[in-house]
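The values are calculated or read from the model by the stated rules, or taken from the named source; none is laboratory data. All values derive from a computational prediction rather than experimental measurement. Neighbour counts run over all protein chains shown; Cβ positions are idealised from the backbone, glycine included. Side chains included, ligands, DNA and RNA excluded: accessible areas come from the protein's heavy atoms. Shrake-Rupley method; radii C 1.70, N 1.55, O 1.52, S 1.80 Å.
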Amino acid sequence: MAGKSKYKCKSFRTRLKELPFVCKTGIILMVIIFVRFGSSYPLPFVNTGYMQMILGIQGLAFLNSITGGSMQQMSFFALSISPYITASIIMQLMTVVFPSLEELQKDGKTGMEHFKKITQVLAITLAVIQSVAMAAGLGARGLLVSYTLATVIIASVVWSVGVVTLIGISTFLDWMEVGSGSSILLCTNILSTFPSDLFSLRDVFVFGKITAVAVLNTVLIIAVFLAVISICVTLATTCREIPVTNSRKMGGRLNKSTFPIPLNTCSVMPVIFSSSILSLPIIVSQFTGTAKNGLPMHIMRCLSTGEWFKPEQPVYSIGALLYFGLTTLFTYFYLDIGFNPYEIADNLKRSGATIPGIRPGTPTMEYIKKVSTRIALVGNAATTFLIIAMYAACNFYGLGSLSIAGTSVIILVGVVTEERRILVSLLAVNKFRVRKK
């Protein structure tokens, strides 16, 4: 029986993978509609006004953005995929502490599947803990309309099942091989917050203005938005080409090529790590009810992105320096666990390739490490400065934290760029299959 079920599972995955691209697109659209439907309607015994007040605090807008507003609504998918993101971060950290996890991650497709299953189990565990903490902790403070043992249990179960459902949907999308399922859900969440941001911009720059000023402001907003997207795309696609010469001659001449080191080597991970760490103390202070005055209050305001670069209180801009320091620290960390110059140098040596002017082996490894570190730090500095500049502009005009102007847009562009690369490869494979038939 076990053998039969395993065969069926494999057969189902194969059929999903071989579906036409149009069918896959239709399935993704239906999944997105289902997820947004489950994210928009609050549970009947939940006080959504209380959660809107909590998430309205500057510094928690990032959490609201990655959950697509579902946490603000306290819906079935209230936690969205945030436990999975947290679990992924923890698992990346654990690869440094436990070498066996790092070996499992690098052990081909089978190893990656086992690593992902461990991440999913950890995500579900975190989801249960977060659900119980919200229902029991915040429920007593006003989150639950009727604070009883029954409502606490029901809310905890519903929110936990919501996370399990989204993890299942993410795995289902992974089986279709159209990119990362969790990335597709994350993009959907971020995009869903854009309309409310556009209304905020309209209220500040367009509503109540004379026609000429309103039109000019609209044009400027569009121009700035397109400029930000262009910069993000440039950061995500720019790379440094390292020249490589192969000692094996082709047609009597040396075979010359290059291998790229992306400017955004660490992707958006340092940004996500740093934003999560800055948000954590603010979330804890809301659960415990502390940091309402004195030194703790001032610390929380430093960590809040909505307090940075305000002319009347410039001292809280120290938090921006902390944010830059954290992204730099995590850039070094992620380079150490996610980029292996020794492996690259060894592969070059095995294939008979060398970098001109650099001896094979250890010198090549040291050169690649030095270049990749310098490039990653430049990319991180450019990304962080762009994010901080957007926060400063929003705070100057009293807009607060907008998803279209901050960490979320960097994440969105990075994920979309990666998904585009995967989809281009998928279309090329489908085209090859059609020609073969």
Going through region 132-156 one residue at a time, which ones are of a type in the set (Val, Ile, Thr), over 25 Å from Tyr84 (Cβ atoms) and open to solvent by less than 40 Å² (accessible area, probe 1.4 Å)? Thr151
Just to be sure, is Phe207 among the hydrophobic types (A, V, I, L, M, F, W, C), exposed (fewer than 15 other Cβ atoms within 10 Å of the Cβ) and not in a helix (DSSP H, G or I)? yes
Looking for something open to solvent by 60 Å² or more (accessible area, probe 1.4 Å) and closer than 16 Å to Val244 by Cα - is there at least one such residue anywhere in region 371-394? no
I'm trying to understand the selection: among the residues of region 241-258, which are at pLDDT 80 or above and open to solvent by less than 60 Å² (accessible area, probe 1.4 Å)? Ile242, Val244, Thr245
Among the residues of region 287-345, which ones are modelled with pLDDT of 85 or more, open to solvent by 50 Å² or more (accessible area, probe 1.4 Å) and touching a helix residue (DSSP H, G or I) at 6+ places or on another chain (Cβ under 9 Å)? Val315, Ile318, Leu322, Phe324, Leu329, Tyr332
Out of Ile169, Ile129, I need the residue that is at pLDDT 85 or above, open to solvent by 70 Å² or more (accessible area, probe 1.4 Å) and within 24 Å of the chain's Cα centre (by Cα). Which one? Ile129
Is it the case that Leu191 is in a helix (DSSP H, G or I), over 30 Å from Leu173 (Cβ atoms) and open to solvent by 40 Å² or more (accessible area, probe 1.4 Å)? no
For region 157-166, how many residues are over 16 Å from Thr67 (Cβ atoms) and open to solvent by less than 10 Å² (accessible area, probe 1.4 Å)? 0
Among the numbered criteria (1) crowded, with 17+ Cβ neighbours inside 10 Å; (2) in contact (Cβ under 8 Å) with a residue 24 or more places away in the chain, which one does Thr237 miss? (1)
